[in-house]
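The values are calculated or read from the model by the stated rules, or taken from the named source; none is laboratory data. Here the structure is a predicted model, which means the values were calculated and not measured. Quick reminder, even Gly has a Cβ in these numbers, built from the backbone with ideal geometry, and neighbours come from all protein chains shown. Note: accessible area is taken over every heavy atom of the protein model, side chains too, but ligands, DNA and RNA are not part of it. Shrake-Rupley method; radii C 1.70, N 1.55, O 1.52, S 1.80 Å.
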Amino acid sequence: MNVEVPVFIRAKGAVYLPQFERDIAVLALTLQNNPQQRWALCFNDSYRFTVALFAVLATHKQPVLLPNNQSGTLAVLQNEYDAILSDLPDIVVTPLKPAAGETVLQAFVLSDLQTITFFTSGSTGTPKKVQRSLTALRKEIKVLEALFGADLQDAKIYSSVSHQHIYGLLFYVLWPLYAGRSIVSPLLQYPENLETLFKRTEKIVLISSPTLLSRLDFKLDLKLKPIIFTSGGLLKDSSAQILFANLGLMPIEILGSTETSGVAFRQQIKQPLWQALPEVLLGRDLTTGCLSVQSPFFDEQTTLVMGDQVEMNSQGLFKLIGRADRIVKIEGKRLSLIAIEQKIKEHRLVADVQVLKLDAHRQLLAAVIILNEPGKALLQEQGKRQLDLLLQTWLLPFYEAVLCPKKIRYVDSWPLNEQGKTTQLALQELFDIKLKRILSV
Amino acid sequence: MSQSHLDLEIKQLIIKVLHLEDMTAADIDSEAPLFGTGLGLDSIDALELGIALKKKYNFSIELDEEDNRKCFATVNNLVAYISAQQAGT
């Protein structure tokens, strides 16, 4: 690692390697003095997250990355961690016993067999646990560097996505650390932040997602074009066209998942078909028509089958044609429709529920609810708006706001089409959404 | 622009841009939290609202997380921040 290049560039200033190592060592020393083994890392600040991650690894304890930092999630998954390190105001941090004396933990050696624990939306109710070894992560990073490193050179790494998921962790934290590129924090949130960023006369890499990229409405003539990675949701062709027309940009789209890590990539303006990342073997599962993956980037020695249905040509290039399960992305966040339906059904006023993803003015979740008798009574007394708010507030500890139903309809029975079936279409019609704007993914 | 006029305009903007159903400006409490409980807005709403405010008032969004949260916390706060920017302070 080039010691002249800052490891992190924070709002407060640059952090170089000696300070980074010392911050890790100080925390590691404290952690060593505490018995807990599995540590949930719930951080807003990427620098503090990274320090905590390496401190936990240095002491050969288990870092746990929860799917989000909602209070309900921390409660539901409480048996999956023994302690919490956090900088968030609403989270109760585990009290730490500081180490006695001043000696800083000497050279810490990480074993390749150590793992990081992730959680992701399972296809049934409970979140799915995924363990990823440092070996697998390192292999993936090496491939990314070999594939893209020459174009990245000594660019600074910016991000609009969190470090707490596999994509952000790899692209925004671990890969830059491995390659010796500076990580810039905090995260960027608004189109105008990107407008300011792109105007800078320095080499820039932006780790981002369609949530932000599909909302850029400014035009710039960029001499030094930033390199943009996007993942976490599909970049619509309309968004890709606009980015190219307005900014001359062709984001590198990455397809992957927590279970499989990175799988394929494309730049759709150049080539709309996806190709496998180097060292990843892809196929099409005959039973489901879904993408099958063999890869050194995850630890399972078996083939994993993803939920994405594909059409693949003889060269192995493919396009995505839909999902086989009821897992969707809403503005880049993964949601199991079955799981959230089960949760909503637990509410004392709900008899039954069906949810669906709508692609209206934005991606959102809609819910069609059949209330029980007390529910119907409350609807009469207090009105729809109050009931909506009641349900949404109740759901909030368990699901991030983006995933909670933004549009709700209360019905006495399921809407039927002409054949007497409750179809997606019949449900959608309750929300007055024009049919051609419905996203099938 | 008077603050009460700005208050009404912002509420109407929120309802329009975020496609809130079954609501009028009168239903939004100027002091109630916009996010989480209260009006139940999420981070995408914040994004869309930020974009709309920029378009309408040329309102600049601070990079500071702390300031952001304060600014968007309630309609009253938005009115205050936008008035301040318009007055050039």
* Quick one: in the range A:373-384, of everything that is over 13 Å from A:HIS347 (Cα atoms) and open to solvent by less than 60 Å² (accessible area, probe 1.4 Å), which residue is nearest to the other protein chains (Cβ to nearest Cβ)? => A:LYS384
* Being touching a Pro at 6+ places or on another chain (Cβ under 8 Å) and open to solvent by less than 70 Å² (accessible area, probe 1.4 Å) is the filter here, so list the residues in the range A:71-81 that pass it. => A:GLY72, A:THR73, A:ALA75, A:LEU77
* Structure fact -> Being more than 20 Å from the chain's Cα centre (by Cα), at pLDDT below 90 and not polar (S, T, N, Q) narrows A:PRO374, A:PRO415 down to just A:PRO415
* Quick check: is even one residue across the range B:6-25 within 23 Å of A:PRO210 (Cα to Cα) and touching a residue at least 40 places away in the same chain (Cβ under 8 Å)? -> yes
* Structure fact -> The residue from B:SER83, B:SER43 that alone is touching a residue at least 24 places away in the same chain (Cβ under 8 Å) and either out of contact with any Lys or Arg (no Cβ under 7 Å at 6 or more places or on another chain) or more than 14 Å from chain A (Cβ to nearest Cβ) (or both) is B:SER83
* Asked: What residue, of A:ILE116, A:ILE157, is at pLDDT 95 or above, closer than 30 Å to A:SER71 by Cα and not in a loop (DSSP other than H, G, I, E, B)?
  -> A:ILE116
* Hey, among A:LEU110, A:LEU177, A:LEU152, A:LEU169, which residue is at pLDDT 95 or above, out of contact with any His (no Cβ under 6 Å at 6 or more places or on another chain) and of a type in the set (A, V, I, L, M, F, W, C)? -> A:LEU152
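Residue-by-condition table, conditions (1) in contact with a Ser or Thr (Cβ under 9 Å, 6 or more places away or on another chain); (2) surrounded by fewer than 21 Cβ atoms within 10 Å (Cβ to Cβ):
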{"site": "A:GLY168", "(1), (2)": "yes, no"}
{"site": "A:VAL184", "(1), (2)": "yes, no"}
{"site": "A:LEU188", "(1), (2)": "yes, no"}
{"site": "A:ASN193", "(1), (2)": "yes, yes"}
{"site": "A:THR201", "(1), (2)": "no, yes"}
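On the basis of being under 11 Å from the mean Cα position of the chain (by Cα) and more than 14 Å from chain A (Cβ to nearest Cβ), does B:ILE10 make the cut?
Spelling it out, B:ILE10 is indeed under 11 Å from the mean Cα position of the chain (by Cα) and more than 14 Å from chain A (Cβ to nearest Cβ).
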* Structure fact -> A:LEU247 fails exactly one of (1) away from every other protein chain (no Cβ under 14 Å); (2) in contact with a strand residue (DSSP E or B) (Cβ under 6 Å, 6 or more places away or on another chain), namely (2)
* Please specify each residue of the range A:337-354 satisfying the condition of being open to solvent by 40 Å² or more (accessible area, probe 1.4 Å) and of a type in the set (A, V, I, L, M). => A:ILE338, A:ALA351
* **Condition check for A:ASP388: more than 22 Å from the chain's Cα centre (by Cα) and open to solvent by 60 Å² or more (accessible area, probe 1.4 Å)** => no
* To do: With respect to A:LEU74, determine if the residue is hydrophobic (A, V, I, L, M, F, W, C), closer than 26 Å to A:SER257 by Cα and part of a loop (DSSP other than H, G, I, E, B).
  => no
* Which one is nearest to the other protein chains (Cβ to nearest Cβ), of the residues in the range A:391-404 that are assigned to a helix (DSSP H, G or I) and open to solvent by 40 Å² or more (accessible area, probe 1.4 Å)? -> A:THR393
* Can you pull out the residues in the range A:328-372 that are assigned to a helix (DSSP H, G or I) and either in contact with an Asp or Glu (Cβ under 8 Å, 6 or more places away or on another chain) or within 14 Å of another protein chain (Cβ to nearest Cβ) (or both)? -> A:LYS345
* **helices (runs of 4 or more DSSP H) (entirely within chain B) containing at least 1 residues that are open to solvent by 70 Å² or more (accessible area, probe 1.4 Å), modelled with pLDDT of 90 or more and within 21 Å of A:ASN193 (Cβ to Cβ)** => B:43-57
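The rows are residues; the columns are (1) open to solvent by 50 Å² or more (accessible area, probe 1.4 Å); (2) touching a helix residue (DSSP H, G or I) at 6+ places or on another chain (Cβ under 8 Å); (3) aromatic (Phe, Trp, Tyr).
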{"site": "A:VAL3", "(1), (2), (3)": "yes, yes, no"}
{"site": "A:PHE8", "(1), (2), (3)": "no, yes, yes"}
{"site": "A:LYS12", "(1), (2), (3)": "yes, no, no"}
{"site": "A:LEU17", "(1), (2), (3)": "no, no, no"}
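Per-residue answers, yes or no, for (1) out of contact with any Lys or Arg (no Cβ under 8 Å at 6 or more places or on another chain); (2) not hydroxyl-bearing (Ser, Thr, Tyr):
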{"site": "A:GLU195", "(1), (2)": "yes, yes"}
{"site": "A:VAL205", "(1), (2)": "no, yes"}
{"site": "A:LYS219", "(1), (2)": "yes, yes"}
{"site": "A:GLY232", "(1), (2)": "no, yes"}
{"site": "A:GLY256", "(1), (2)": "yes, yes"}
{"site": "A:THR260", "(1), (2)": "yes, no"}
{"site": "A:ILE269", "(1), (2)": "yes, yes"}
{"site": "A:GLU279", "(1), (2)": "no, yes"}
{"site": "A:GLY283", "(1), (2)": "yes, yes"}
* Could you list all residues from the range A:289-302 that are of a type outside the set (D, E, K, R), touching a helix residue (DSSP H, G or I) at 6+ places or on another chain (Cβ under 6 Å) and open to solvent by 20 Å² or more (accessible area, probe 1.4 Å)? => A:PRO296
* For A:VAL305, state whether it is buried (at least 17 other Cβ atoms within 10 Å of the Cβ), more than 21 Å from A:PRO272 (Cβ to Cβ) and of a type in the set (A, V, I, L, M, F, W, C). => yes
* Structure fact -> Log entry, pairs with first residue in the range A:311-329 being on the phi < 0 side of the Ramachandran plot, second being of a type in the set (Ser, Thr, Tyr), beta carbons closer than 8 Å, six or more apart or on different chains, reads A:ALA324/A:THR288; A:ASP325/A:SER123; A:ARG326/A:SER123; A:ARG326/A:SER336; A:ILE327/A:SER121; A:ILE327/A:SER123; A:ILE327/A:SER336
